[in-house]
Amino acid sequence: MLRAINVGGHGKASMADLRSLFERAGMRDVRSILHAGSFVFASSRSGLALETLLERNAREGLDLRTDVMVRDVAEWTRVVEENPFVPEAEHDPSHLVVIFLKHAPAEGAVELLRQTVKGRERMSGIGRHLYVTYPDGIGDSRLTGTVIEAKLAVRGTARNWNTVRKLHEIGRDATGPRPS
């Protein structure tokens, strides 16, 4: 996932150019999902080294300065399985957001963030993922990405639960059947 791509006039890049960038970096079976910088691909590389490679290639190839957060199929499955807001995921998935962080925030940072929330939003941090419910809508909330990143001291990119599920299905299908 690329942070802040084609959102609010920032980080403009075509999905075709980004797919090509990923392919030139050695990724296979590259698929873009929506227009906000979500991709599914196969790679022999992983983790921070892959994120760094893709960030450098975006900067050098497209003059695009953005953070890239990579999660493999096993991590993505844990994101879905560890969701602490199951009723919200079922009944109001567009108001449940997962923020994919560059690294896990410092101990106690999520609790400090929670103390600043004045609305009805609820959150739970699990490793490099912050789950946030926005029962009154995301657009009017004061719990913005800027506030979250400042309080956690880590950058991230958000996807709503509908997108999380779609990416999970595509990634799972791309890797074939899994033993039960």
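The values are calculated or read from the model by the stated rules, or taken from the named source; none is laboratory data. The model shown is predicted, which means the values in this text are computed figures rather than measured ones. Note that we place each Cβ from the backbone using ideal geometry, even for glycine, and neighbour counts take in every protein chain shown.
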Go through (1) of a type outside the set (A, V, I, L, M); (2) in the same structural domain as Met1 (by TED's automatic domain parsing); (3) surrounded by fewer than 17 Cβ atoms within 10 Å (Cβ to Cβ) one by one and return the number of the condition Glu90 breaks.
(2)
Complete set of residues in region 104-125 that are outside any helix (DSSP H, G or I) and of a type in the set (Val, Ile, Thr)
Val117
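Could you tell me which of the residues Val98, Val132, Val117 is in contact (Cβ under 8 Å) with a residue 60 or more places away in the chain and either surrounded by 14 or more Cβ atoms within 10 Å (Cβ to Cβ) or touching a Lys or Arg at 6+ places or on another chain (Cβ under 6 Å) (or both)?
Numbers: Val132 fails: in contact (Cβ under 8 Å) with a residue 60 or more places away in the chain; Val117 fails: in contact (Cβ under 8 Å) with a residue 60 or more places away in the chain.
After applying the criteria, what remains is Val98.
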Kindly provide the set of residues from region 55-76 that are in contact (Cβ under 8 Å) with a residue 40 or more places away in the chain and closer than 16 Å to Ala16 by Cα, ordered by number.
Ala58, Gly61, Leu62, Leu64
Positions within region 11-57 being aliphatic (A, V, I, L, M) and farther than 23 Å from Lys166 by Cα, in sequence order:
Ala25, Leu48, Ala49, Leu53
Residue list for region 153-180, filter: touching a strand residue (DSSP E or B) at 6+ places or on another chain (Cβ under 7 Å), assigned to a helix (DSSP H, G or I) and either at pLDDT below 90 or among the hydrophobic types (A, V, I, L, M, F, W, C) (or both):
Trp161, Val164, Leu167, Ile170, Gly171, Ala174
Against the definition (farther than 18 Å from Leu64 by Cα, among the β-branched types (Val, Ile, Thr) and either surrounded by fewer than 18 Cβ atoms within 10 Å (Cβ to Cβ) or modelled with pLDDT of 80 or more (or both)), how does Val30 come out, yes or no?
yes
Take Leu143 and tell me if it is touching a helix residue (DSSP H, G or I) at 6+ places or on another chain (Cβ under 6 Å) and more than 27 Å from Ser32 (Cβ to Cβ).
no
Mind listing whichever residues of region 1-27 are modelled with pLDDT of 80 or more and of a type in the set (A, V, I, L, M, F, W, C)?
Met1, Leu2, Met15, Ala16, Leu18, Leu21, Phe22, Ala25, Met27
For Asn57, work out the one condition from (1) within 16 Å of Arg3 (Cα to Cα); (2) out of contact with any Lys or Arg (no Cβ under 9 Å at 6 or more places or on another chain) it doesn't fulfil.
(2)
So how many residues does region 49-91 have that are modelled with pLDDT of 95 or more and of a type in the set (Asp, Glu)?
4
Only one of Ser32, Ser14, Ser38 is touching a Phe, Trp or Tyr at 6+ places or on another chain (Cβ under 7 Å) and among the polar types (S, T, N, Q); which?
Ser32
Which of the residues belonging to region 124-162 are farther than 20 Å from Val70 by Cα, of a type outside the set (S, T, N, Q) and in contact with a Leu (Cβ under 6 Å, 6 or more places away or on another chain)?
Lys151
